[in-house]
Every structure is written in structure tokens, then in C-alpha cells.
Amino acid sequence: MTVNAETHAGTNTWQSLPAAQQPEWPDPEALRDVIAELASYPPLVFAGECDQLRARMADVAEGKAFLLQGGDCAEAFDAVGADQIRNKLKTLLQMGAVLTYAASVPVVKVGRIAGQYSKPRSKPTETRDGVTLPTYRGDSVNGFEFTAEARVPDPQRLKRMYHTSASTLNLVRAFTTGGYADLRQVHAWNQDFVKSSPSGQRYEALAREIDRALTFMAACGTDPAEFRTVEFYASHEALLLDYETALTRTDSRTGKLYDVSGHMLWIGERTRQLDGAHIEFASRIGNPIGVKLGPGTTPEEALSYIDRLDPDRVPGRLTFVVRMGADKVRDKLPTLVEKVTASGAKVVWVSDPMHGNTFEAASGHKTRRFDDVLDEVKGFFEVHHGLGTHPGGIHVELTGDDVTECVGGGDEIFVDDLHQRYETACDPRLNRSQSLDLAFLVAEMYRGQ
Ligand code: PEP
Ligand code: MN
């Protein structure tokens, strides 16, 4: 159960339901004070922006656009410098350019960013060398460091999450509307990268084609404003319901509730219980909602999510983020898609090819094979192709930095390289080169359907 923020008393129906994966805060009083303070803070995003994203997602549901959603597994308070945010954004913009141009489809860009600080865990404790401590639940809850002090949940971190999200979002808004994301910068996003990597060189060739097309259009006398800025949205897992509740406000235009901590929120694989607080919370807010669907999802569950979360069948409202594993997606996904389609509901189908493909390398590093990631997306496309439905997008964990966390890719990373630059606070991410490789391959799949 979660605390009552008293922000909209009587409407917080989710607060009396069991909420999975909530931290055990040692001092409830301190938590209440923090929540009350958060409830007085300004919104990070506007309800109108959430509605605009929902309209874009409706295009995805209709098969007229493709979703690119990506970013860290877990953002970290000490990894939100300007360079890191710019590199992440640059990677997403490059992937977006590849997908838009090579697959000739409008791309809706959504970051796992500016709020992705909370992690569900499969075990409540972690043991190292005979010492057992509470598990790390994300920078919004406790510290990554393996010490008893660091692992105590501290509600002050919730305020830090808000402020760090605010400054990240501010920089993201500046980058995406202040000239940096101008399509004429398509080469600049690649500058520090081109010589060193095969995917950088492949991107450079595509950027030259885009340049020629832009020059041609300019010569014809057209210079659309759409080329100068990029529409970019923020998303995260709605995990800590006390935080999300404090940031949930009534929209003055419509009287509806919106969670103004991010544009799109998703419910994770471990918190999607139909009788739990997370689904109830998501059913009450107007934001576009994602639900992760693992290999155990039944068609009945999928249909219940539609009834609970999208009773009015609003296009773009509900996204199913499928994370089955490369070896299961071809088996498990067809029935879900068939039954949902037969019900007449229109959801967005997105492939998360990361979370069903994690394994531990002999070195102890949690990793993923690029080939498995690719194979899961391939399976996802095959299923939709077979059923005549739309493979709506990809949801990936990536970073703009040259980390060595996933194995494989064109600029190959080997298992023995993993220790070199393994920096993630949680799951292994694709690095910039692997992300671009994936974008090129997904563009080919999209064109080939
Ligand atoms: C995640 O997206 O980082 C995550 C924990 O995913 P899932 O809920 O699908 O396991
Ligand atoms: Mn993850």
C-alpha cells in the first residue's frame, strides 16, 4: 500500500490496492513529508503534450508511423552531465534519421529519459561474499554501492529524482528545439564517430543522401519548419506509486488526471497484476500507457488490459511492449495478436528485444547478444507480417557512450571485452554503434515487409 498524498482525495483509487515492488522506507513520516513537498512542485510535462503524443501513437496504431523508444535501463544521478544526455539524444536522432529515411516512415521518438530512475527487482536482497544487503532499486530509492548505508531506502532521493528529471528535460528540450536537432545537422551528429566505426561510415553515406534531398528541396524553394526541430517525448516505468501519485494532477482544460512526471508511462512485467495498484493507477490517468508483456501473458490478460486501460478504445492510448525472448516470440506472440485483433481493439504493438534475452557471462557480467536482440525483432516482424498487422516500433536499452555491455554488433564486442567499459547501473545497453546497426537492420525489415 502507498501513502495518501491527499492531492486529489477520493480519486486515488489505487492507493488501497496491493502495490508490488515498492521500497520499504524505514521512516514513513519522512516519506510523507517528501510526498507532500513533491505534490507542490510544478509539472514536468503538460497534459496537452501527453495528448499530442497520444495522437502520434494513434498514427502508429494505424500503421502510419513507427515508434522508436530508447534510453538507459536505469538513469543515474551521477550520469546526467550535458555530454551524456547529448550523446544519448544524438544516438536516438541518428537512429530516427536512419529509420525515417531508409524505411520511409515517420518516426515517433520517445526517450527512456528524465524519470527512469526506479527499478523492479527479481530478488529483494543481494549477497556478495557472504554479506546480504537489500537490493539496489534505482537511484530514486537507494545507492548502487554495496554497503549497508547506501542500500537503505532514502525518500530524499525522490526529490532528487524530480530535480534531476527537470534538468534533464530542460536540456532535452533545448537540444531538440534549439537548432541542434535541425535535420541540416544530420552530419554533425556523426562527427566524432564516422572514422572509427563501420556503422558510422554507413550512417555518413545515408546522411549525404539526406543532405542532397534537403539541398534539392531548398533549390525548389521549400524549407519546411518541421526540419528545424524535433518532437521528442519522455517516458519511464511508473513504478514508485508514491512519486507518481504526487506528480498526478487534474488538467484544468479537461478535468482529467494526468501524471505530469513524463509524457508516456509504462507498467513493467513485474507490476502488471490486474488486481494491483499499478494497473488501477494507469487506468485513471490520461497519458499514453504502455504495458510490458512477457512470455507468460495469456490472451485473456491482454484483453483485460484493453478493457481496463482503454475502455473507450482511444487510438494511441495503449501500447503493448512485447518482451518474450528471441526463442519464444514466434511461438507466443501470434495468439496474442490474433485475439486482440479479433476483439476489434486497436493497440500499438512494440518489440522490446532486450529483456527476454539477458544472460550472465562467465565473467559474471549480465549481458545480451546483439544477434538475439536482432532475432527477436525479426520474429516480431515475421509474426505481424504473417497476420497482416503492424509492427509498430522498438523499445530498446541504449546509451550514446561507447560502453561494452552487450556482445556482438558490426564493431564486434566479445565476451572477453565486457569488463572494459561496463557502466550500467542495471541492465546491459546497446552502445552507439550497436544502436545504429540495429536501426539500419530494422529499417531493412520494415521496408521488406
Ligand atoms: C525495464 O524496462 O528495464 C524492465 C525492468 O523491463 P521488464 O518490466 O519488461 O522486465
Ligand atoms: Mn532494463
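Every read-out reported here was derived from the displayed coordinates using simple, explicitly stated rules and does not represent laboratory data. The shown structure was predicted, so the numbers you read here are calculated from the model rather than taken from an experiment. All Cβ positions, glycine included, derive from the backbone under ideal geometry; neighbour counts span all protein chains shown.
Here are a few things to note about the model shown:
- Debye, to nearest 20: dipole size of the chain, +1 on Lys, Arg Cβ, -1 on Asp, Glu Cβ: 900 debye
- Coupling constants for segment 414-422 follow from the phi torsions by the Karplus curve (6.51 cos²θ - 1.76 cosθ + 1.60, θ = phi - 60°), and in residue order they are 9, 3, 6, 8, 3, 5, 4, 9, 9 Hz; glycine and proline get x.
- When +1 charges are put on Lys and Arg Cβ atoms and -1 charges on Asp and Glu Cβ atoms, the dipole computed for segment 30-173 relative to its Cα centre reaches about 260 debye.
- Placing unit charges on the Cβ atoms of the charged side chains and taking the dipole of the chain about its Cα centre, the candidate lying farthest along the positive direction among ASN357, PHE227, ASN170 is PHE227.
- Rounded FRET efficiency, nearest 0.05, which uses the C-beta distance separating LEU387 from ASN170 and R0 of 51 Å: 0.75
- Contact order normalised by residue count of segment 158-284, Cα under 8 Å, 6+ apart, percent: 21 percent
- In order through segment 404-412: 3J(HN,Hα) via Karplus (6.51 cos²θ - 1.76 cosθ + 1.60), integer Hz, x for Gly, Pro: 10, 10, 10, 8, x, x, x, 9, 4
- LYS90, LYS378 arranged by Cβ crowding within 10 Å, fewest neighbours leading: LYS378, LYS90
- 3J(HN,Hα) couplings calculated from phi for segment 272-279 with the Karplus curve 6.51 cos²θ - 1.76 cosθ + 1.60 (θ = phi - 60°) are, in sequence order, 9, 4, 5, 9, x, 5, 5, 5 Hz; Gly and Pro show x.
- Legend note: in the chain, cysteines whose Cβ sits 4.7 Å or more from every other cysteine Cβ are CYS50, CYS220, CYS406.
- One decimal place: the segment GLN52-ALA30 gains 4.3 nm when fully extended, by the rule 0.36 nm per residue minus the C-alpha distance.
- Computed on the Cα atoms alone, the convex hull of segment 280-359 gives a volume of 90 cubic angstrom per residue.
- Among the listed pairs LYS292/LYS332; LYS64/LYS346; LYS256/LYS346; LYS123/LYS366, a Cα-Cα separation exceeding 18 Å is found for LYS256/LYS346.
- Long-range HN-HN contacts of LEU67 with modeled amide H, under 5 Å: VAL108, GLY393, ILE394
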